[in-house]
Amino acid sequence: MPATTVLDATTADGALLVLAIVLPVVGILLSFVLGGRYAERIAGVLLPAGFIVACIIFLKVWQGGEPLIYIVGGWQPPLGITLRADGLSVAMMVAMAIVICLIGVFAHANFGSRAASVETRAPLVFWVMLMAISGAMNMIFLGGDLFTLYVALELLTFAAVPLVCLDGRVETLQAALRYLLFALLGSILYLVGTALLYGSYGTLDIVLMSQRVRLEPATLAAATLMTLGLFAKTALFPLHLWLPPAHAGAPAAASAVLSAVVVKGSFFLIVRLWFDALPGLLSVAASQLIGVLGASAIICGNIVALRQKRLKLLIAYSTVAQIGYLFLMFPLAFSADPSPHHYGDALTAGMLQTISHATAKAAMFMAAGLIYAALGHDRISELGGIARALPMTMFAFGLGGLCLIGLPPTGGFLAKWLLLEATIATAQWWWAIVIIAGGLLTSAYIYIVLSRTMGPPNAPLTLYAAVPKYQEVAALGLACLSVLLGLVALGPIDVLQVGRPEAPMAGLR
């Protein structure tokens, strides 16, 4: 018997969802109208305003216990477009808004502009693209249908690619082109999958899709194509080849945005696809395969990171490894025993890992950028004495490293602890071995960097540039946030389950 279709209606505070998307768009338009000399000031006003809006939406969802909904133009799906803010949406919106705002503070030293100065290309591009990324991410978090999510993901891609090659060097242009080619391949696969789903069900609305989905060849083919495309955009091993050169070659602020924010957009779409649009369609065998890819990313990414000579490349390959943890939630959530408890714990662990990684990795890229600015290089073997010269910077790097390792009381510890609990509850002990091995490998390269920076210099240490204190404070702020995330177990961790289904529909298995 077919499921009954339940139509959404705009909630009382639904207009806030539109405001979260529109604010960055207004900032972009004002930057072009007033000129690039004002772009930083515009971003400095509208990005914090977007953070305030995200916090208000978070509080509304948390206190009300129900998702916020806005029906665009009053047209109900499948003809119209719906914006929805559930627990996952609001948690990600607030976290990404904080990261983007602090990256904006950090970027002032490199991309600052004054109204009376000559307009230059790099500051205009950076601030416009930063606002575009903010708006695209909000659209990804709030989009209620698969095609809207495709449009948002493309906006995110075309805003991120220019950040890779802001300095115009040949190697960064090559890295940006490789990133673009991988992203376009992923986009084509995703779009073909959405066309197949629309042909099968006559809608791309996530709620309607979840009520109509059936286990049939066309649906499986569409889901496979879309997932492969999103894997390429997320840089999941072995489709990660574009990420290290793109992230390591970009300016420090851009690297922080790319690693902490941009790759999370495509991962969030994977979560939406399998947990919401196609609930219960992912078989146990397929979820185990996704887990194997995640485990491969953890082991291979960490081993390659250990072999790096440059600090930014080490952090970039660490991102490849940390992305792998995100995909361990799939075999743990879609196990042979898909109970609501196991399902919710795995999902919560994955999203906490997403947010913890964003804050920690942004702080580490910022710290690496400050070290490069001070020394004129980031060769790990020649970092002796920098911990004494830049103690706040190295403290921020160390705190971020503790989060990646998963030591208490960081957010990374809580996320990995929940993953370990899920491995025990679902009797999948092999993933626990991967998690522990990944933590040990991460400890090794974090120790190598910290021990080198705290050791004596090979030659008298010369600082080529002074590091602004506010940049160090911005990096330290994000690092501290990655630690404080471990305390969410005492607070609103249950907000992640607002608007969530109890468990995947077992009838499709």
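In nm, give the distance between the simple-model label positions of Leu34 and Leu79, each being 7 Å from the Cα along the Cα-to-Cβ direction.
4.1 nm
Taking 41 Å as R0, compute the FRET efficiency from the Cβ-Cβ separation of Thr120 and Val192 and round it to 0.05.
0.50
Show me the ranking of peptides 311-324, 279-292 by mean Cβ neighbours inside 10 Å, starting with the highest.
311-324, 279-292
I need the calculated FRET efficiency for the pair Leu215 and Leu59, taking r as the beta carbon distance and R₀ as 35 Å, to the nearest 0.05.
0.35
Could you rank the peptides 200-208, 85-93 by their average count of other C-beta atoms within 10 Å per residue, with the highest value first?
Answer by packing, highest mean first, reads 85-93, 200-208.
Under 5 Å between amide hydrogens, which residues at least 5 positions from Gly14 or on another chain qualify, with H placed 1.01 Å from N in the peptide plane?
Ile69
Using only the Cα atoms of the chain, what do you get for the radius of gyration and for Dmax, in Å?
For the chain, the Cα radius of gyration and maximum Cα-Cα distance read 21.9, 78 Å.
Quick check: residue separation of Leu173 and Arg379 times 0.36 nm, minus the Cα distance between them. What number comes out in nm?
71.9 nm
Between Tyr464 and Trp430, what FRET efficiency follows from the Cβ-Cβ distance if R0 is 51 Å, with the result rounded to 0.05?
0.55
Find the centroid of the Cα atoms in segment 164-215 and in segment 53-110, then give the distance between the two in whole Å.
That distance is 21 Å.
Need one number: nm distance between label points at Arg307 and Phe158, each 7 Å from Cα along Cα→Cβ, rounded to one decimal.
Placing both labels 7 Å along Cα→Cβ, they lie 3.8 nm apart.
Determine the calculated [θ] at 222 nm for the chain from helices alone, applying -39500 (n - 2.57) to every DSSP H run no shorter than 4 residues and normalising by the residue count; nearest 500 deg cm²/dmol.
Rounded to the nearest 500, it is -23000 deg cm²/dmol.
Going toward the positive end of the dipole of segment 151-278, with +1 on Lys and Arg Cβ and -1 on Asp and Glu Cβ, which of Gly249, Ala195, Thr219 do you reach last?
Farthest towards the positive end: Thr219.
What's the exposure ranking of Ser296, Ser31, Ser381, Ser259, going from fewest to most Cβ atoms within 10 Å?
Going from sparsest to densest Cβ surroundings: Ser381, Ser296, Ser31, Ser259.
Each reported figure results from applying straightforward, stated rules to the coordinates on display, with no laboratory input. Keep in mind that what you see is a predicted model, and the values were worked out from it rather than measured. As a convention, Cβ positions derive from the backbone with ideal geometry for all residues, glycine included, and neighbour counts pool all protein chains shown.
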